[in-house]
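Heads up: the structure comes next, in structure tokens.
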Amino acid sequence: MTLFNKYLILTSSQVLDTKDLQVFKVTVNGQDAKFVFGEKHSFKGTPLEITLPFELRRGQEAVVEISFESSPNSSALQWFSPEQTSGKKHPFLFSQCQATHCRAIFPCQDTPAVKLTYYAEISVPKELVALMSANRDGEMPDPDDSSRKIYQFSQNVPIPCYLIALVVGALESRKIGPRTLVWAEKELVDKSAYEFAEAEAMLKTAEDLAGPYVWGQYDLLVLPPSFPYGGMENPCLTFVTPTLLAGDRSLSNVIAHEISHSWTGNLVTNKTWEHFWLNEGHTVYLERRIGGRLFGEQFRHFQALGGWRELQNTINTLGDKNPVTNLTPNLEEVDPDVAYSSVPYEKGFALLFYLEQLLGGPDVFIGFLKAYVQQFAYKSIVTEDWKKFLYSYFKDKVDVLNKVDWNSWFHAPGMPPVKPTYDMTLANACVDLSQRWIK
Ligand code: BES
Ligand code: ZN
């Protein structure tokens, strides 16, 4: 794999994150550079310090080329033998970088505080297809090996490196919308095309709610069953689990969720993983607004109520004094994968749903959300940036905002200080039905 990106270098040396990588050679502007690994951290990996072979002048660009290899046990990569695939004939590879596994593919500044564009060339055996979280630029025979093909990709919108993604396999596609292909192994591709047919309607609704879709293509990729999440919002190419293939589109909220990340998460990004609720809370909020448009406001409230239940279950399991149940937890020396739970999703959503009700309802609140995306697009932010913007957007309602118990919402463990109001129509219909069954 060849990957080009630019780092911002401020001093005479540059430290990059790595995890289980071998590094063979480093050059800067073509000149050999000294490099040394630091001490290995239990989950963060090993820092790689590169010393510049010359002094940088102000404004001078430094192109760093690193020759490296990832490990077969890379925590970012799953490699499958042919027997482990649906088709049984060809091997398969996929990546999952969020939160901090990009460093287990290549040396990088592995923080969501930094954004980059990328261009990549991937050489694979001719029978296989490579896809990335980027637009597909083209393909050509590999000049060095006639049994191989090179795929070219570019992502021209600056992204945090946790959104870099790669898949290689015997993949086929079906067109399901003007900007959407669904990709899967042959055995699953038609079922997938049926399951995800609502994607374009959801994209249009999301654009109406949050602003223009800036990423060009929106493709979907169905992975093998060991894909560790329901969905992953890799730009231009959402990754999903095959367990979404229920046959009746009943899990399409996951697609609405990953589509929503095209604004909240991928345009406006949490600066550190302590502010992860900015990504996921806003995304669940948008996901449910899309559901509300497509299936009605009662359905949105029903989903919201399900989220409150989910939050109660999680807090019962983790304990209501557990510091990882804070909306903005302290993650110093905590692996973000270990802190992962539904709290940033559902406590984050509950806060936004509560604010929606406090500040004048859904029509008023979507104005804030759209302005927030516009204000912070292409940036990485913390909760304080969000809160300041909320106060400035609702400058006529500062009295109302000052009644919010911010300290408990953000810094206390356990359930939120207040419960929003939920329309109970659909939930009551479920309870009535269960009563009839019992009788
Ligand atoms: N970005 C997340 C998945 C993720 C989070 C991966 C943190 C690695 C670290 C994705 O958007 C997500 O939230 N997926 C949910 C789907 C759901 C809430 C509809 C999942 O997989 O459960
Ligand atoms: Zn998400």
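Identify, from the list 280, 274, the residue that is within 16 Å of ligand 2 (Cβ to nearest atom) and closer than 19 Å to residue 416 by Cβ.
Going through 280, 274 in turn, the sole match is 280.
More than 16 Å from ligand 1 (Cβ to nearest atom) and of a type in the set (A, V, I, L, M, F, W, C): is that true of residue 94 in this structure?
Here the answer is no, as residue 94 does not meet what is asked.
On the basis of being touching a residue at least 24 places away in the same chain (Cβ under 8 Å) and either open to solvent by less than 10 Å² (accessible area, probe 1.4 Å) or of a type in the set (Gly, Ala, Ser) (or both), does residue 171 make the cut?
no
Can you list residue pairs whose Cβ atoms sit under 7 Å apart, with the first residue in segment 276-303 being without any contact (Cβ under 8 Å) to a residue 40 or more places away in the chain and the second being open to solvent by 30 Å² or more (accessible area, probe 1.4 Å) and more than 11 Å from ligand 1 (Cβ to nearest atom)? Count only pairs 6 or more apart in sequence or on different chains.
That search, which allows pairs on different chains as well, returns 291/299.
Tell me the residue from 159, 176 that is of a type outside the set (S, T, N, Q), crowded, with 19+ Cβ neighbours inside 10 Å, under 25 Å from residue 263 (Cα atoms) and more than 20 Å from the chain's Cα centre (by Cα), please.
When all the criteria are applied, what remains is 176.
Sort out which residues of segment 325-361 are within 16 Å of ligand 2 (Cβ to nearest atom) and not in a helix (DSSP H, G or I), and write them in order of number.
327, 340, 341, 342
Among (1) farther than 30 Å from residue 43 by Cβ; (2) surrounded by 18 or more Cβ atoms within 10 Å (Cβ to Cβ), which single condition is residue 419 missing?
For residue 419, the failing item is (2).
Please go through segment 313-350 and give me each residue that is within 16 Å of ligand 1 (Cβ to nearest atom) and of a type in the set (A, V, I, L, M), ordered by number.
Matches in segment 313-350: 324, 327, 331, 334, 338, 339, 343, 350.
Any idea which of (1) surrounded by fewer than 19 Cβ atoms within 10 Å (Cβ to Cβ); (2) assigned to a helix (DSSP H, G or I); (3) touching a residue at least 40 places away in the same chain (Cβ under 8 Å) is the one residue 190 doesn't satisfy?
Unmet condition: (3).
Go over the candidates 185, 198 one by one and state the one that is open to solvent by 20 Å² or more (accessible area, probe 1.4 Å) and under 23 Å from residue 289 (Cβ atoms).
Being open to solvent by 20 Å² or more (accessible area, probe 1.4 Å) and under 23 Å from residue 289 (Cβ atoms) holds for just one of 185, 198, which is 198.
Across segment 110-125, what is the total count of residues that are crowded, with 20+ Cβ neighbours inside 10 Å and not aliphatic (A, V, I, L, M)?
3
So is residue 25 basic (Lys, Arg), under 25 Å from residue 269 (Cβ atoms) and open to solvent by 50 Å² or more (accessible area, probe 1.4 Å) or not?
no
Scanning for something among the hydrophobic types (A, V, I, L, M, F, W, C), outside any helix (DSSP H, G or I) and more than 23 Å from residue 274 (Cα to Cα), does segment 383-402 turn up at least one residue?
Taking every residue of segment 383-402 in turn, at least one turns out to be among the hydrophobic types (A, V, I, L, M, F, W, C), outside any helix (DSSP H, G or I) and more than 23 Å from residue 274 (Cα to Cα).
For segment 115-134, how many residues are within 24 Å of residue 22 (Cβ to Cβ) and in contact with a Pro (Cβ under 7 Å, 6 or more places away or on another chain)?
The total comes to 1.
Within segment 314-324, identify whether any single residue is within 16 Å of ligand 2 (Cβ to nearest atom) and touching a residue at least 12 places away in the same chain (Cβ under 8 Å), and answer yes or no.
Scanning segment 314-324, I find at least one residue that is within 16 Å of ligand 2 (Cβ to nearest atom) and touching a residue at least 12 places away in the same chain (Cβ under 8 Å), so the answer is yes.
Could you grab me the full set of residues in segment 403-415 that are out of contact with any Lys or Arg (no Cβ under 6 Å at 6 or more places or on another chain), farther than 24 Å from residue 366 by Cα and not in a helix (DSSP H, G or I)?
412, 414, 415
Among the residues of segment 32-68, write down those that are loosely packed, with under 11 Cβ neighbours inside 10 Å, at pLDDT 95 or above and farther than 27 Å from residue 338 by Cβ.
Residues satisfying the conditions are 32, 67.
Considering only residues that are modelled with pLDDT of 85 or more and among the hydrophobic types (A, V, I, L, M, F, W, C), which ones fall in segment 3-22?
Those that are modelled with pLDDT of 85 or more and among the hydrophobic types (A, V, I, L, M, F, W, C): 15, 16, 21.
Within segment 343-379, take every residue that is open to solvent by 20 Å² or more (accessible area, probe 1.4 Å) and of a type in the set (Ser, Thr, Tyr) and give me the one that is farthest from the chain's Cα centre (by Cα).
Step by step, filter segment 343-379, then rank; the result is 354.
Just the residues that are touching a Pro at 6+ places or on another chain (Cβ under 7 Å) and either more than 21 Å from residue 116 (Cα to Cα) or within 9 Å of ligand 2 (Cβ to nearest atom) (or both), please, taken from segment 254-271.
Scanning segment 254-271 gives no hits.
The values are calculated or read from the model by the stated rules, or taken from the named source; none is laboratory data. Computed from a prediction, not measured in an experiment: that's the story for all the values here. Ideal geometry is used to build each Cβ from the backbone, glycine not excepted, and the neighbour counts take in all protein chains shown. Side chains included, ligands, DNA and RNA excluded: accessible areas come from the protein's heavy atoms. Shrake-Rupley method; radii C 1.70, N 1.55, O 1.52, S 1.80 Å.
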